[in-house]
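Here's the structure we're looking at; comments come further down.
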Amino acid sequence: MRILGIETSCDDTSVALYDSERGVAENLVSSQVDLHDHFGGVVPELASRAHLVNLLPLVDYLLERQQLKLRDLDGVAVTAGPGLIGALLVGLSTGKALCAAAGLPLVGVHHIEGHILANALTADMVLPAVVLVVSGGHTEVVFMPEVGRYELMGGTLDDAAGEAFDKTAKLLGLPYPGGPHIDRMARRGRPGQFDFPRPLHKDPRIVFSFSGLKTAVRVVVDELPRPLDEQTVADVSYEVQEAIVDSLCQRLFQAARRKHVPAVYLAGGVSANGRLRERVAAEAQKRNLHFLPPEPVYCTDNAAMIAYAGWCHFAAGRADGLDLDSFPRQPLTSWR
Ligand code: KG4
Ligand code: ZN
């Protein structure tokens, strides 16, 4: 089965081809980082317009590279939500048009399911598992007994982990999106130069809170002499990252203990973070839990994860009609 994946939920236009015989045959991502950098965050209207300009040429390019015609495909999988509504609509309308033109089946994929199943692109997933979903818009702990069944165990009360990285990076004068820059700067940071809070540390629930971190960083940064020197930015980055990673690790392993699972996974853009991957690997080993991080290209938004998730739906006999709607918000629910 050859499935075309389309992902346009935020600021990356991505198309991919998943071939059930060969795996991911193509995964093309057109980034809009330069377009939004100037504004310090994603401007929804600009994102929609850029998707509109980039998406069909990307599909054509993919088919040309693979020497395929539309009718050689077996289905189209498209991110239906959550995300920026205008951006989602560009992907969904395009997916529908391709299906209508070539008589292909369509399936809508929940963006978070895509991120979770990105783990299966590296190796077969060990299930049941507990998955920590950490992206720009989500921070959730999900119990996954099998593909298609998801139980939300808890999440953030305010900001997502990615937002915490991005907002604190902005305070430090680092470019957008800030996560990868904090990750890079923190490698040169010295431990113990600053002290940031770990809110809700004693709370027995699976909960996160990151909005206080931004305030704490602002208070510290406001007191620092300007311009900020590189070593100071590195030192703050180090402790910001430690605070975020501490909270994430604590809840992930608390949830794993509660569900007695043999495996834990990471999903979403923040799972590209070097320190998070290192800490989860070390803690998983201590507890005898299976853990393999997703490949970096499949951590941040990409259509390969959507194409693969779509294939899982099609293989289970699920498809959507051309009346499928996109949704800006909606929790991940089970379909099996
Ligand atoms: O999953 P994603 O690509 O888009 C959403 O669905 O939100 O996640 C984007 C988020 C951004 O907040 C970005 O700063 C963060 O992932 N991110 C990172 C790293 N790479 C991306 N955060 C920390 N360390 C990284 N290496
Ligand atoms: Zn994402």
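A compact table of results
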| read-out | value |
| --- | --- |
| Point-to-point label distance, residue 31-residue 260, nm (Cα→Cβ direction, 7 Å offset) | 4.5 nm |
| Extension gain, residue 275 back to residue 295 (0.36 nm per residue minus Cα-Cα distance, nm) | 5.7 nm |
| Separation between Cα centres of region 36-108 and region 260-275, rounded to whole Å | 27 Å |
| Rounded tilt (10° steps) of 230-259 against the dominant C-alpha axis of the chain | 60 degrees |
| Point-to-point label distance, residue 100-residue 187, nm (Cα→Cβ direction, 7 Å offset) | 4.9 nm |
| Antiparallel content of DSSP bridges confined to the chain, in %, to 5 | 60 percent |
| Degrees, to the nearest 10: 85-102 long Cα axis against longest axis of the chain | 20 degrees |
| Loop sites in region 1-84: chymotrypsin sites (Phe, Trp or Tyr not before Pro), DSSP, at most 14 other Cβ within 10 Å | 39 |
| Per residue accessible area of the chain, 1.4 Å probe, in Å² | 43 Å² |
| Around residue 318: net Lys/Arg minus Asp/Glu count, Cβ-Cβ under 13 Å | -1 |
| Between helix 304-315 and the chain: long-axis angle, C-alpha atoms, 0 to 90°, nearest 10 | 50 degrees |
| Charge dipole of region 47-181 about the Cα centre (unit charges at C-beta), most positive-ward option of 119, 130, 93 | 93 |
| Environment charge at residue 248 (Cβ cut-off 12 Å; Lys +1, Arg +1, Asp -1, Glu -1) | +1 |
| 17 Å reach of a label modelled at residue 69, 7 Å along Cα-to-Cβ, counting backbone N of region 98-128 | 98-105 |
| Sulfur and carbon atoms: percent of accessible area, the chain [1.4 Å] | 51 percent |
| Estimated FRET transfer efficiency (residue 151, residue 93; beta-carbon r; R0 41 Å; 0.05) | 0.80 |
| Net charge over other residues, Cβ less than 11 angstrom from the Cβ of residue 305 (K, R count +1; D, E count -1) | -4 |
| Those trypsin sites (Lys or Arg not before Pro) in region 25-101 that DSSP places in a loop and that have at most 13 other beta carbons within 10 Å | 69 |
| Filtered trypsin sites (Lys or Arg not before Pro), region 172-209: DSSP coil and at most 15 other beta carbons within 10 Å | 187, 188, 202, 205 |
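The values are calculated or read from the model by the stated rules, or taken from the named source; none is laboratory data. Source: prediction; values computed, not measured. Every residue, glycine as well, gets a Cβ built from its backbone with ideal geometry; the counts of neighbours run over all protein chains shown. Surface accessibility is based on the protein's heavy atoms, side chains included, excluding ligands, DNA and RNA. Shrake-Rupley method; radii C 1.70, N 1.55, O 1.52, S 1.80 Å.
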